[in-house]
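Structure first, then comments.
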Amino acid sequence: MNNSVASTTRLLWASLRALLVLTLLCGVLYPLTVTGVAQALFSDKANGSEITSEGKVAGSELIGQTYNFPKENPDDAEEAPRPDLRWFQPRPSNGLGTNSVNPRYSLILSGATNRSGDNDELIQWVKDAKKAVITDNTARGYAPRPSDVPADAVTSSASGLDPHISPEFARIQVHRIAERHSLGVQRVEELVEDHTDGRVLGFMGEPRVNVLKLNIALRELIAE
């Protein structure tokens with residue numbers, strides 16, 4: 001009996017020591033080391049790839065935002081959002097919180113439509129989105145053709161949170177932005193060109209424009 005008690009006591013003590021050591025290593029030292037390395041070498045990414053504007057965090061470089069007018073009735077869940085056409089618009093998404101270069105936004109959901117390419121509802125969404133793109137971006141002396149509307153202007157990304165649009169979608173919006181702010185079309189085109197990122201390492205992915213960065217630059221241009 002005494003041997004059994006002593007053996008059990010040794011096992012419990014060994015287990016407790018293992019628990020304490022592993023807790024120290026995996027629960028304290030390892031997280032501190034990883035956090036320290038991340039802050040020292042990749043502080044921007046470790047802190048959420050934040051984008052600042054006028055000394056305040058305006059959002060993340062990795063998460064998109066919408067630019068809509070506030071709802072007339074905040075309690076009406078069925079009220080459709082109205083895009084604020086003074087700003088460059090992102091690709092369609094039901095997963096983005098509203099924002100106007102403002103840090104206080106919330107994510108509603110993340111995910112794809114999970115609908116096939118021949119789904120009637122999805123096809124109608126695309127048709128409605130294309131019609132809206134043409135209507136919204138028609139300006140004096142300029143009207144986008146249906147063939148000018150790129151896929152990202154009428155479809156959401158797989159996550160629904162893509163912060164980028166294609167240069168083609170950005171350029172469709174140039175005349176509308178110039179008209180709304182009494183700017184020269186060429187100046188707005190240059191703004192888009194300056195904020196167009198090329199393919200990663202020159203061959204991966206596609207050229208893209210970060211909408212938040214572009215809208216911050218637009219606001220700074222307007223303030224000049």
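The values are calculated or read from the model by the stated rules, or taken from the named source; none is laboratory data. As the structure is a prediction and not an experimental result, all values here were calculated from the model. Neighbour counts are summed over all protein chains in view; Cβ atoms, including those assigned to glycine, are modelled from backbone coordinates with ideal geometry.
See the values below:
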quantity	calculated
Residue that is modelled with the highest pLDDT [pool: residues in region 111-133 that are exposed (fewer than 15 other Cβ atoms within 10 Å of the Cβ) and either outside the structural domain of H175 (by TED's automatic domain parsing) or part of a helix (DSSP H, G or I) (or both)]	K131
Selection from region 157-180 of residues that are closer than 16 Å to A129 by Cα, in a helix (DSSP H, G or I) and in contact (Cβ under 8 Å) with a residue 24 or more places away in the chain	F169, A170, I172
Selected residue (criterion: farthest from Q89 (Cα to Cα)) from residues of region 198-220 that are in contact with a Pro (Cβ under 9 Å, 6 or more places away or on another chain) and in a helix (DSSP H, G or I)	K213
Residue in region 206-224 that is surrounded by the most Cβ atoms within 10 Å (Cβ to Cβ), counting only those that are of a type in the set (V, I, T) and out of contact with any Ser or Thr (no Cβ under 6 Å at 6 or more places or on another chain)	V211
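Rundown of residues vs (1) outside the structural domain of G117 (by TED's automatic domain parsing); (2) closer than 21 Å to S93 by Cα; (3) not hydrophobic (A, V, I, L, M, F, W, C), yes/no style:
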residue: T135; (1), (2), (3): no, yes, yes
residue: A139; (1), (2), (3): no, no, no
residue: P146; (1), (2), (3): no, yes, yes
residue: V149; (1), (2), (3): no, yes, no
residue: A153; (1), (2), (3): no, yes, no
residue: P163; (1), (2), (3): no, yes, yes
residue: R171; (1), (2), (3): no, yes, yes
residue: R180; (1), (2), (3): no, no, yes
